[in-house]
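Novice: One structure is given below, represented as structure tokens, and several questions about it will come after.
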Amino acid sequence: MSVVALVPAAGRGERLGYGMPKALVPVNGQPLLARAVRGLFASGCVHHVVIAAPPSDVDAVNTVTASLAPVGGAVHVLPGGAERTDSVRLALEFALAEIPDTRVVLVHDAARAFTPPEVVKTVVDAVLSGADAVIPVLPVADTIKQVDQAGVVVATPDRAVLRIVQTPQGFDAKVLASAYRSGVTATDDAALVELLGVPVTTVPGHPHAMKITTPFDLAVAEAVLTGGNA
Ligand code: CTP
Ligand code: MG
């Protein structure tokens with residue numbers, strides 16, 4: 001039985017504006033991707049990591065992953081796609097074809113490089129306990145408004161029933177495979193599964209599982225999440 005983490009890392013990092021793919025951006029000397037992969041294996045319950053790399057930077061990603069060894073599992077690198085969903089699809093197809101007995105699939109953004117290993121373990125345990133789909137979530141601190149195209153407020157959803165969604169998202173491998181085969185599209189992997197009518201369970205996320213998107217996020221990571229150290 002294998003637990004396989006798919007790591008979409010093929011984005012260009014335009015909003016970060018670092019002049020290189022975000023996965024390769026160092027935070028106190030260590031690329032985000034290296035931190036993300038280490039965190040997955042540190043959970044003690046991930047056997048394989050499949051990285052969707054920026055197609056023009058597969059060699060650079062291989063250099064990063066080679067510098068990690070030994071991590072306690074197998075690392076596979078392949079070129080990602082044009083959109084995140086294409087990168088996940090390619091990594092999933094690789095896992096289903098090449099890794100025997102894939103039972104649990106995690107999808108984890110390289111950009112959530114500081115996700116505590118405990119969150120990874122909680123998600124895996126929930127899938128192994130029988131959930132088809134599991135997402136880590138946080139309560140919403142701000143009031144959220146729904147607006148129309150002109151920016152005029154049309155509704156104020158009850159904050160108590162809203163959640164912020166993080167990764168890793170965990171799936172029974174067969175369920176995620178059928179979601180990707182179904183032809184439905186969504187930006188979020190759990191949303192694909194929801195569209196099939198499969199229940200998606202939530203578990204507690206963690207503030208450190210924040211997505212590094214902007215220079216502000218990177219500054220927070222450098223100052224807080226690494227404690228100023230590598
Ligand atoms: N991703 C991917 N393939 C793509 C686009 C994104 O694998 N074609 C990955 C990113 O590498 C990242 C995750 O999906 O780990 C979330 O995407 P995002 O935070 O938007 O990262 P980027 O696309 O790199 O950033 P930006 O949108 O600012 O360019
Ligand atoms: Mg993007």
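Novice: If we keep just the residues of the range 80-97 that are in contact with a Pro (Cβ under 7 Å, 6 or more places away or on another chain) and over 10 Å from Ile51 (Cβ atoms), which is farthest from ligand 2 (Cβ to nearest atom)?
Specialist: Of everything passing the filter in the range 80-97, Val88 is farthest from ligand 2 (Cβ to nearest atom).
Novice: For the range 185-199, name all the residues that are over 19 Å from Pro8 (Cα atoms) and in a loop (DSSP other than H, G, I, E, B).
Specialist: If the condition is that a residue be over 19 Å from Pro8 (Cα atoms) and in a loop (DSSP other than H, G, I, E, B), then Leu196, Gly197, Val198, Pro199 are the ones that fit.
Novice: Follow-up question, since we're still on this one. Any idea which residue in the range 14-26 is nearest to Pro79 (Cα to Cα), counting only those that are touching a Ser or Thr at 6+ places or on another chain (Cβ under 9 Å) and buried (at least 19 other Cβ atoms within 10 Å of the Cβ)? Steps first, answer last, please.
Specialist: We begin by selecting, within the range 14-26, every residue touching a Ser or Thr at 6+ places or on another chain (Cβ under 9 Å); these are 15-17, 21-22.
Add one more test, that the residue is buried (at least 19 other Cβ atoms within 10 Å of the Cβ), and what stays is 16, 21-22.
Details: Leu16: 21, Pro21: 13, Lys22: 15 Å.
Checked the range 14-26; the qualifying residue nearest to Pro79 (Cα to Cα) is Pro21.
Novice: Out of the residues in the range 152-198 that are under 25 Å from Val49 (Cβ atoms), among the polar types (S, T, N, Q) and at pLDDT 95 or above, state the one that is surrounded by the most Cβ atoms within 10 Å (Cβ to Cβ).
Specialist: Applying the filter and picking the extreme gives Thr167.
Novice: Would you be able to tell me the number of residues in the range 28-72 that are small (Gly, Ala, Ser), surrounded by fewer than 17 Cβ atoms within 10 Å (Cβ to Cβ) and part of a loop (DSSP other than H, G, I, E, B)?
Specialist: Selection size over the range 28-72: 5.
Novice: Hey, could you check the range 73-108 for residues that are part of a loop (DSSP other than H, G, I, E, B) and hydrophobic (A, V, I, L, M, F, W, C) and say which is surrounded by the fewest Cβ atoms within 10 Å (Cβ to Cβ)?
Specialist: Filtering the range 73-108 down to residues part of a loop (DSSP other than H, G, I, E, B) leaves 73, 80-83, 99-101, 108.
Narrowing the set further to residues that are hydrophobic (A, V, I, L, M, F, W, C) leaves 82, 99.
Working: Ala82: 9, Ile99: 17.
Ranking the candidates gives Ala82 first.
Novice: Any residue that is more than 30 Å from Ser182 (Cβ to Cβ), more than 9 Å from ligand 1 (Cβ to nearest atom) and among the basic types (Lys, Arg) - is there at least one of those in the range 71-89?
Specialist: Pass one, the range 71-89, residues more than 30 Å from Ser182 (Cβ to Cβ): 71-72.
Filter once more, keeping what is more than 9 Å from ligand 1 (Cβ to nearest atom): 71-72.
Of the ones still in play, those that are also among the basic types (Lys, Arg) are none.
Checking the range 71-89: not a single residue is more than 30 Å from Ser182 (Cβ to Cβ), more than 9 Å from ligand 1 (Cβ to nearest atom) and among the basic types (Lys, Arg).
Novice: Among the residues of the range 20-44, which ones are within 16 Å of ligand 2 (Cβ to nearest atom) and either of a type in the set (Ser, Thr, Tyr) or more than 15 Å from the chain's Cα centre (by Cα) (or both)? Show your work before the answer.
Specialist: Within the range 20-44, the subset within 16 Å of ligand 2 (Cβ to nearest atom) is 20-25, 32-33, 36.
Once the filter is applied, which keeps residues that are within 16 Å of ligand 2 (Cβ to nearest atom) and either of a type in the set (Ser, Thr, Tyr) or more than 15 Å from the chain's Cα centre (by Cα) (or both), the range 20-44 yields Met20, Pro21, Leu24, Val25.
The values are calculated or read from the model by the stated rules, or taken from the named source; none is laboratory data. Predicted, not measured: the structure shown is a model, and the values here were computed from it. FYI the Cβ positions are ideal-geometry reconstructions off the backbone, even for glycines, and counts take in every protein chain you see.
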